Amino acid sequence: MIEFILSLEKVLQLFKTLHRTRQQVFKNDTRALEAARIKINEEFKNNKSETSPKKIEELMKIGSDVELLLRTSVIQGIHTEHNTLQLVPRKDLLIENVPYCDAPTQKQ
């Protein structure tokens with residue numbers, strides 16, 4: 001019984017995390033926010049009667065992977081002109097990068 005409650009808490013935690021990530025990733029995009037909300041709720045609702053611990057673990061892994069993918073790989077784009085997009089990366093996606101060097105250095 002305790003194992004079931006812990007599993008239920010983990011599922012609820014993933015559900016909340018996915019919704020928080022959705023709000024951050026699709027900020028100011030009402031269409032994307034709504035589509036993501038519907039998809040998350042739909043997936044959890046479709047699998048709410050699942051009882052197999054192995055299947056639940058597999059679904060949790062998929063949900064965690066989706067959350068990671070959203071958080072680390074999705075960048076918003078805004079149409080600014082015909083055939084032009086302005087990318088709006090979140091601060092947590094911007095990382096320090098090694099600057100490009102046109103003239104390679106010699107190995108000693």
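The values are calculated or read from the model by the stated rules, or taken from the named source; none is laboratory data. Quick caveat, the model's predicted, so the values are computed rather than measured. Heads up, the Cβs are rebuilt from the backbone with ideal geometry, glycines too, and the neighbour counts pull from every protein chain shown. We work out accessible area using only protein heavy atoms, side chains counted, and drop any ligands, DNA or RNA first. Shrake-Rupley method; radii C 1.70, N 1.55, O 1.52, S 1.80 Å.
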(message) Distance cut-off 30 Å, Cα to Cα: go down the list Lys55/Lys91; Lys16/Lys91; Lys54/Lys91; Lys27/Lys48 and report the pairs above it.
(response) Lys55/Lys91; Lys54/Lys91
(request) In whole Hz, with x marking every Gly and Pro, tabulate ³J(HN,Hα) for segment 72-78 from phi via Karplus 6.51 cos²θ - 1.76 cosθ + 1.60, θ = phi - 60°. (result) 9, 10, 9, 10, 6, x, 10
(message) What does the net charge come to around Thr30 if you take all other residues with beta carbon closer than 13 Å to its beta carbon, with K and R at +1 and D and E at -1?
(response) +2
(request) Principal axes first, then extents: for the Cα atoms of segment 1-78, list largest minus smallest coordinate on each axis, whole Å, largest first. (result) 48, 21, 17
(request) Mind grabbing the accessible area of Glu9 for me, 1.4 Å probe, Å², rounded to tens? (result) 110 Å²
